[in-house]
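Heads up, the thing below is written out as structure tokens.
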Amino acid sequence: MVVDIRGAGQVPDRDPHARGGPAGVTDRLWETVDVVDVLDAFEAKQKRTSRPIFEGVKWALGESFYVRVTLPDGTIERIEGFATEGEAGRWIKNESVVWLRQKNEAVSTDAH
């Protein structure tokens, strides 16, 4: 028997050959290559599923709208100058792909 150090009495011995432990804890240490593989898989999935979010937003003051673009890295861009929500929505539908392509080209040009 093992004595519970919190003073609750005795608790049964834990089988030293039992697999796992409380809350899924194991006594197996991860190899560095295993950690790198998990991180690589996570980053690849993030790159595949991350897409920009375009939203038409009304200014707090006034009657005009802008398009808020949240990029996959969390950066927020603002495209201004829309008189109505419909106009902002049409821009998102018709022009956002071209805008994003131009932005990505500018970023890749700046990187070189």
Give the long-range amide H neighbours of residue 82: residues separated by 5 or more places, or on another chain, with amide H under 5 Å away, using H modelled in the peptide plane at 1.01 Å from N. 65
Multiply the residue separation of residue 103 and residue 51 by 0.36 nm, subtract the distance between their alpha-carbon atoms, and state the gained length in nm to one decimal. 17.3 nm
For each of 59, 91, count neighbouring Cβ atoms within 10 Å of the residue's Cβ, then give the residues from fewest to most. 59, 91
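Please order 33, 67 by the number of other Cβ within 10 Å, starting at the fewest.
By the 10 Å Cβ count, ascending: 33, 67.
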Going from the fewest other Cβ atoms within 10 Å to the most, one would list 45, 103 as 45, 103
Evaluated at 37 °C with a viscosity of 0.692 mPa s, what Stokes-Einstein diffusion coefficient in µm²/s does the stretch 43-112 have when Rh comes from the Kirkwood expression over alpha-carbon pairs? 248
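Read-outs: derived from the displayed coordinates by stated rules, not from any lab. These numbers were taken from a predicted model, which means no experiment stands behind them. Here Cβ is always computed from backbone atoms with ideal geometry, including for glycine, and neighbour counts include all displayed protein chains.
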